[in-house]
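Here is the structure we will look at.
The values are calculated or read from the model by the stated rules, or taken from the named source; none is laboratory data. As the structure is a prediction and not an experimental result, all values here were calculated from the model. We place every Cβ from the backbone using ideal geometry, glycine too, and count neighbours over all the protein chains shown. Note: accessible area is taken over every heavy atom of the protein model, side chains too, but ligands, DNA and RNA are not part of it. Shrake-Rupley method; radii C 1.70, N 1.55, O 1.52, S 1.80 Å.
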Amino acid sequence: MSEVTMELVRPVPAWALRASLALLSAATLAVAFAGTGPRPPAVLVVGFAALVGAAVLVPGLGLAALVVLVAGTRLLVSDPPALGTLMVLVLLVHLTLWAGAVCARTSWRTLVEVAVLLRGLREVAIVQVGAQLLAVLAMLLVGTTEGDLWRAAGLLAAIILAAAMLPRPTA
């Protein structure tokens with residue numbers, strides 16, 4: 001197997017990318033469980049920590065998506081969060097999925113140019129505008145109609161939109 005060496009202007013080491021994935025995953029879970037409703041038992045918190053650790057150690061398994069699924073499930077079974085909380089959570093979900101996709105394409109020795117990361121973040125920002133508008137619309141609908149049906153439809157729509165629109169890093 002041959003190895004290619006390139007000179008980078010502003011490289012970011014893979015460990016920093018994976019540390020950001022850990023922080024984003026932990027923040028996603030923390031915001032999802034910070035609202036009303038029962039707090040998770042200690043054993044579940046340990047399980048969440050293990051999930052975040054596994055997502056960082058083996059990002060190719062797609063465990064960042066499982067973090068997002070856990071957060072979405074929490075929203076589905078608890079009371080609707082405040083609008084600000086929901087908007088922060090939507091942002092964290094996008095960043096967690098994007099960081100997981102970037103980390104899945106790196107090894108521990110990889111260096112990634114800052115310009116590549118910024119380009120990817122710009123693409124996430126474009127999707128984020130529409131997602132935030134949908135979050136506001138969803139909160140308005142939950143307040144005026146049967147909430148559970150709209151919450152389930154919103155979760156399904158968010159999953160479909162994330163799968164269809166979230167940028168994936170290129171090789």
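Surrounded by fewer than 16 Cβ atoms within 10 Å (Cβ to Cβ), out of contact with any Phe, Trp or Tyr (no Cβ under 6 Å at 6 or more places or on another chain) and modelled with pLDDT of 85 or more: does that describe ARG105?
Numbers: surrounded by fewer than 16 Cβ atoms within 10 Å (Cβ to Cβ): no; out of contact with any Phe, Trp or Tyr (no Cβ under 6 Å at 6 or more places or on another chain): yes; modelled with pLDDT of 85 or more: yes.
So ARG105 fails the test.
Mind listing whichever residues of the range 73-102 are of a type in the set (S, T, N, Q) and either under 13 Å from the mean Cα position of the chain (by Cα) or open to solvent by 30 Å² or more (accessible area, probe 1.4 Å) (or both)? Walk me through it before giving the result.
Here is the first cut: in the range 73-102, the ones of a type in the set (S, T, N, Q) are 73, 78, 85, 96.
Result: THR73, THR85, THR96.
Would it be correct to say that VAL46 is more than 18 Å from the chain's Cα centre (by Cα) and exposed (fewer than 12 other Cβ atoms within 10 Å of the Cβ)? Write out each step before concluding.
Details: more than 18 Å from the chain's Cα centre (by Cα): yes; exposed (fewer than 12 other Cβ atoms within 10 Å of the Cβ): yes.
Yes.
Identify all residues within the range 32-49 that are without any contact (Cβ under 8 Å) to a residue 24 or more places away in the chain and part of a helix (DSSP H, G or I); write none if there are none. Walk me through it before giving the result.
Within the range 32-49, the first condition is being without any contact (Cβ under 8 Å) to a residue 24 or more places away in the chain, and the residues that meet it are 38-49.
Result: ALA42, VAL43, LEU44, VAL45, VAL46, GLY47, PHE48, ALA49.
Just to be sure I understand the filter: pairs with C-beta atoms under 6 Å, separated by 6 or more residues or on different chains, first member in the range 50-72 and touching a residue at least 24 places away in the same chain (Cβ under 8 Å) and open to solvent by 30 Å² or more (accessible area, probe 1.4 Å), second member assigned to a helix (DSSP H, G or I) and among the basic types (Lys, Arg). Which pairs pass?
Short answer, once both residue conditions are applied: none.
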